2 protein chains.
Amino acid sequence: MSGCSRIAVALVHYPVLNPQGERATTAITAMDIHDFARTAAFYNVSPVYFVHPAAAMQSLFYDVQSHWLSGKAGVRNPARREMMRHLKMVDSLDVVLEDGPYQVWYTSANPPVSSCVKPESLMDIAGNHLIVFGTGSGLDLSGLPDANGWLSALQGVGSIRHLSVRAALSIYLDRLYRSDLEA
Amino acid sequence: MSGCSRIAVALVHYPVLNPQGERATTAITAMDIHDFARTAAFYNVSPVYFVHPAAAMQSLFYDVQSHWLSGKAGVRNPARREMMRHLKMVDSLDVVLEDGPYQVWYTSANPPVSSCVKPESLMDIAGNHLIVFGTGSGLDLSGLPDANGWLSALQGVGSIRHLSVRAALSIYLDRLYRSDLEA
């Protein structure tokens, strides 16, 4: 790692696309909250922003988070409590951009541009970086702020390219930090 | 890839350990079925064995699998149908070993031996390999067949080492196939 100061991630539930390419909203799931918290903590990535405009979904998020922050569960499992501190619930990606001077990097299985940044190269770019993941069938760009760029799509050896967003997060962060880990 | 012919994975729900280090059984979750199927398909890894001795849990597995193999869902989403074909439900790890001449590699956040095999080195070892993941607090070795060895534990840069098994699968397989993808 040289220039990069900090990595944060965002998981967008709106605006995203449905399989027909129309604007849609997805549900926050407890599994995503836990898996994003755990993988981010493993690589010291913080904060993890959950983006959803609906009050009911925000309530679900806070129910899960407070279960660990202020209940017996967190006493029994202090590591889980600590990683839950790094999650933030926000209405929109615009709110995330007000939270810090981020350079914004979008991710997709099919980026709409040909010149993408390899995840391992991000560590050489100075500043704070926000890596943005979309749920559903991906980010709906027509309703999102401009990004600094796109991270390269993950390539598999199989013919089916359909990773879960939980798997994509894990692989991107491992590639980002692998050179550090091997040094 | 040179010597390795094929990689398969197994997700063990019994015998595993609970947080107190006692033998335990965990539940099969629909999320694990999907995430294991998707990540394995991305890297052409097959089969994916789900290990659980309980009939009720095996029923849950077959409900999910058949929903995709023989319902409208699979017509609407043929990629998901295709990846579901590579999942196999078995009673025990012994049954897996009867299914093919595997070299068996266990995984753990804290392997009990000091000489582990790096995941990227596995591709240079001839034969068919089975990578075994434990749910709960990890594999209960006292009830499992001997392994050929252990894969190195994943190292993060953060202080909290508590990846989900879904994340661990993704990172191990990406490391295994990474050199191929870059070639």
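The values are calculated or read from the model by the stated rules, or taken from the named source; none is laboratory data. Note that this is a predicted model, so its numbers are computed, not measured. Here the Cβ is made from the backbone with ideal geometry for all residues, glycine too, and neighbour counts use every protein chain on show.
Observations
- Close Cβ contacts (under 7 Å, 6 or more residues apart or on different chains) running from residues in the stretch A:56-72 that are closer than 11 Å to A:Arg85 by Cα to residues that are of a type in the set (D, E, K, R) and crowded, with 16+ Cβ neighbours inside 10 Å comprise A:Trp68/A:Arg80; A:Trp68/A:Arg81; A:Leu69/A:Arg81.
- Any hit, the stretch A:86-93, residues being part of a loop (DSSP other than H, G, I, E, B), closer than 30 Å to A:Ser66 by Cβ and of a type in the set (Gly, Ala, Ser): yes
- Considering residues of the stretch A:124-182 that are of a type in the set (Phe, Trp, Tyr) and more than 11 Å from every other protein chain (Cβ to nearest Cβ) only, the residue nearest to the chain's Cα centre (by Cα): A:Phe133
- Of A:Val48, A:Val16, all but one fail to be modelled with pLDDT of 95 or more and more than 30 Å from B:Arg76 (Cβ to Cβ); the exception is A:Val48.
- With respect to the conditions (1) in a helix (DSSP H, G or I); (2) free of Cβ contacts under 8 Å to residues at least 12 places away in the same chain, B:Gln155 lacks only one, and its number is (1).
- Search result, residues across the stretch A:39-63 that are surrounded by fewer than 23 Cβ atoms within 10 Å (Cβ to Cβ), assigned to a helix (DSSP H, G or I) and touching a His at 6+ places or on another chain (Cβ under 8 Å): A:Met57, A:Gln58, A:Phe61
- Any hit, the stretch B:66-84, residues being buried (at least 19 other Cβ atoms within 10 Å of the Cβ), assigned to a helix (DSSP H, G or I) and out of contact with any helix residue (DSSP H, G or I) (no Cβ under 8 Å at 6 or more places or on another chain): no
- Of all residues in the stretch B:18-37, at least one satisfies being in a loop (DSSP other than H, G, I, E, B), of a type in the set (A, V, I, L, M, F, W, C) and surrounded by fewer than 16 Cβ atoms within 10 Å (Cβ to Cβ).
- Checking the stretch A:6-14 against the condition returns a match, with at least one residue being out of contact with any helix residue (DSSP H, G or I) (no Cβ under 8 Å at 6 or more places or on another chain), surrounded by fewer than 20 Cβ atoms within 10 Å (Cβ to Cβ) and within 14 Å of chain B (Cβ to nearest Cβ).
- You will find that of B:Ala147, B:Ala153, the residue that is farther than 24 Å from A:Glu82 by Cβ and either at pLDDT 95 or above or in contact with a Pro (Cβ under 9 Å, 6 or more places away or on another chain) (or both) is B:Ala147 and no other.
- Subset tally (residues that are modelled with pLDDT under 95 and either among the basic types (Lys, Arg) or farther than 24 Å from A:Ala37 by Cβ (or both)) for the stretch A:156-172: 6
- Identity of the residue in the stretch A:104-119, out of contact with any helix residue (DSSP H, G or I) (no Cβ under 9 Å at 6 or more places or on another chain) and touching a residue at least 12 places away in the same chain (Cβ under 8 Å), that ends up farthest from A:Gln58 (Cα to Cα): A:Ser115
- Flag for B:Ala167 being within 26 Å of A:Ala41 (Cα to Cα) and either free of Cβ contacts under 8 Å to residues at least 40 places away in the same chain or exposed (fewer than 15 other Cβ atoms within 10 Å of the Cβ) (or both): yes
- Test set (1) in contact with a Cys (Cβ under 7 Å, 6 or more places away or on another chain); (2) farther than 26 Å from A:Met31 by Cβ; (3) of a type in the set (A, V, I, L, M, F, W, C) - A:Leu151 fails condition number: (2)
- B:Val104 surrounded by fewer than 21 Cβ atoms within 10 Å (Cβ to Cβ) and away from chain A (no Cβ under 14 Å): yes
- Number of positions in the stretch B:39-79 that are charged (D, E, K, R) and in contact with a Lys or Arg (Cβ under 6 Å, 6 or more places away or on another chain): 0
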